[in-house]
Amino acid sequence: MPGHVDILIIGGGAAGIAAARRLAGGRHSFLLLEAGDRLGGRAFTQSLAGMPLDLGCGWLHSADRNPWVELGEAEGWTVDKTPPAWREQWQEIGFSRAEQREAMAAFEAFDKRLREETPASDRAADALDPDCRWNSWLEALSGYINGAELGCLSIADYLAYDDADSDVNWRLPDGYGALIAASGADLPVRLGAPVTTIDRRTTPLRATGPWGAVTADRIIIAVPTTVLAEERLRFDPPLLEKVEAAADLPLGLANKAFLLLDRPEPFEPDTQLLGDPHDPVTGSYYLRPFARQVIECFFGGAGARSLEAEGQGAAADFATEQLVGLLGSDIRRRLTPLAETRWGADPLFGGSYSHALPGKADARARLAAPVENRIFFAGEACSAIDFSTAHGAYATGVAAAEAVLASLS
């Protein structure tokens, strides 16, 4: 551990890695400190049963403008451009085509109200039609998209993302998390080095943790909003405006469970089943991604929180019961739990990706603003339009690094 660097980066997720890559090869010394035992943050690929499975982010959203696509292809990574199956229920099991059309019409009407009859509250739930039979389905969608219920979602914030999204979604067979972690492999990094305090009273700045201390002329902070809101990373003197901004951008929750299939039949590769379109806490099931013998189970918002609170194994059990209800009791003996995530319970994260509370869409700009031209902020929550994504985090990391370089010049 050096005693001093020109630039210190705190956080080894997509934003921190992007910042470090931008600084690499330059004339300024830098170091990236990561609290955990791996790089990637909320992007995490784990090999299970011989398959690389993305336990965190898995889709290259807005892939036609996503910098991770260009970076991955330049390094020889395969990009799978098979369109996602999210909009179709496999064999119409439990959700007929007519019902799907009716539900989509309800979504389009809801979206129109968000845009043309925007509630003064900026609260997405206030745009629901109380007589619509598909409100539970709309709540389930919000859980998957935002990691949160419509009642705690800023309309302005949601629409900023939705308007920018190109609706092009690709995947990496070898893992999105694996690509992000590999992109930081040759950088100056120290793992297992949480920063607990940044002393602003000194020049240079001083960062300390249980591992010791390092001073730096500039610091880039790329940590989840929970770390700032709960002051697990503390400033001296305090930066209350950053604590408040982070609290206005809580992390929603999206968890996964993976179930191994004993044989592929009769499931078609890359197909989708929604557990129950009339239950706001239902699971969503991606069948045989990349033609593998696995079912990827997805839970968001209230459903993810309730299952996480029940403890390890609850999500896999819930998924199994929903699949039995859809496919019959014979499926039960064919499923073996492989993995289950609990991002909210992980002390390094406390959730999955950020959403702005009603009336707080300006919190992203407040969080991203530099302090004293010495402390800079990055991460998906700092993105004005691409929050909740690894490519949004990447862009903010690059922007923070360029702002640091400008300040030093």
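What follows draws every value from the coordinates through simple rules; no lab data is involved. Keep in mind it's a predicted model, so treat the numbers as computed, not measured. Methodologically, a virtual Cβ is constructed for each residue, glycine included, from the backbone with ideal geometry; neighbour enumeration extends over all protein chains shown.
What's the exposure ranking of D37, D54, going from fewest to most Cβ atoms within 10 Å?
Values: D37 8, D54 22.
Arranged by neighbour count, lowest to highest, D37, D54 become D37, D54.
Express the relative contact order of segment 155-273 as a whole percentage, based on alpha carbon pairs under 8 Å and six or more residues apart in sequence. Numbers along the way, then the final one.
Numbers: 88 pairs, mean separation 18.8, N = 119.
Contact order relative to length: 16 percent.
Place a point 7 Å from the Cα of A164 along the Cα-to-Cβ direction; which residues of segment 356-377 have their backbone N under 17 Å from it?
356-357, 360-370, 377
Mind computing the radius of gyration and Dmax over the alpha-carbon atoms of the chain? Å is fine for both.
Rg then Dmax for the chain, in Å: 21.5, 67.
Taking a ≥ b ≥ c as the square roots of the Cα gyration tensor eigenvalues, with a/c under 1.5 meaning rounded and otherwise prolate when a/b beats b/c, else oblate, which class fits segment 86-142?
Note, shape of segment 86-142 comes out prolate.
Compute the separation of the alpha-carbon centres of segment 195-241 and segment 356-409 and state it in Å as a whole number.
The distance from the Cα centre of segment 195-241 to that of segment 356-409 comes to 16 Å.
Taking H as built 1.01 Å from N, whose amide H comes closer than 5 Å to the amide H of T197, not counting residues under 5 places away?
HN-HN under 5 Å from T197: T208, R234.
So, counting K/R as plus one and D/E as minus one, what does the shell of residues with Cβ under 15 Å around A309 add up to?
Details: positive: R305, R342; negative: E308, E310, D317, E340, D346.
Net of charged neighbours comes to -3.
DSSP loop trypsin sites (Lys or Arg not before Pro) in segment 137-241 with at most 15 other Cβ atoms within 10 Å of their Cβ, which ones? Don't jump to the answer; show the numbers that get you there.
Details: sites: R171, R190, R200, R201, R206, R218, R232, R234; in loops: R200, R201, R232.
Sites meeting the loop and neighbour criteria: R201.
Cross-link partners among lysines for K256, C-alpha distance below 25 Å, same-chain residues fewer than 8 apart left out?
By straight Cα distance, K256 reaches K81.
Where the centre of each part is set by its Cα atoms, how far does segment 92-138 sit from segment 244-275, in angstrom?
Rounded to whole Å, the Cα centres lie 22 Å apart.
Once you have the Cα-Cα distance between A156 and A185, take 0.36 nm times their residue separation minus that, and quote the gain in nm to one decimal.
Values: separation 29, 0.36 × 29 = 10.44 nm, distance 3.75 nm.
Result: 6.7 nm gained on full extension.
Checking the cross-link filter: which lysines have an alpha carbon closer than 26 Å to that of K242, excluding same-chain neighbours under 8 positions apart?
Within the straight-line limit of under 26 Å, K242 reaches these lysines: K360.
Can you tally the net charge around L274? Count Lys and Arg as +1, Asp and Glu as -1, for every other residue whose Cβ sits under 12 Å from the Cβ of L274. Write down the numbers at each step before the final one.
On the way: positive: R87; negative: E88, E92, E99, D276, D279.
Taking every other residue near L274 into account, the sum is -4.
Beta carbons within 10 angstrom, averaged per residue: use that to sort the peptides 378-389, 151-162, highest first.
Numbers: 378-389: 25.7, 151-162: 20.1.
Ranked by mean Cβ neighbours within 10 Å, highest first: 378-389, 151-162.
Check cross-link reach from K112 to the lysines: straight Cα distance under 21 Å, and skip same-chain residues fewer than eight apart.
none
What percent does the relative contact order of the chain come to when contacts are Cα pairs within less than 8 Å and at least six residues apart? If you can, show how the numbers build up before the last one.
On the way: 913 pairs, mean separation 98.3, N = 409.
Relative contact order for the chain comes out at 24 percent.
Calculate I(q)/I(0) for segment 344-393 by the Debye formula, one identical point scatterer on each C-alpha and no solvent, and give its log10 at q = 0.20, 0.24, 0.29, 0.31 Å⁻¹ to two decimals.
-0.75, -0.96, -1.09, -1.12
Need one number for segment 221-276: average projected area of the convex hull over its C-alpha atoms, nm².
Values: hull surface 28.0 nm².
Its average projected convex-hull area is 7.0 nm².
Quick check: from the Cα gyration tensor, does segment 159-248 come out rounded (a/c under 1.5), prolate or oblate? Don't jump to the answer; show the numbers that get you there.
Details: a/c = 2.71, a/b = 1.44, b/c = 1.89.
Judged from the Cα gyration tensor, segment 159-248 comes out oblate (a/c at least 1.5, b/c at or above a/b).
Starting from the Cα of E75, step 7 Å along the direction of its Cβ; do the same at M1; then give the gap between the two resulting points in nm.
About 2.7 nm, to one decimal.
Over segment 1-124, calculate the relative contact order: mean separation of alpha carbon pairs under 8 Å at least 6 apart, over the residue count, as a percent. Before the final figure, lay out the partial values.
On the way: 86 pairs, mean separation 17.0, N = 124.
Relative contact order here is 14 percent.
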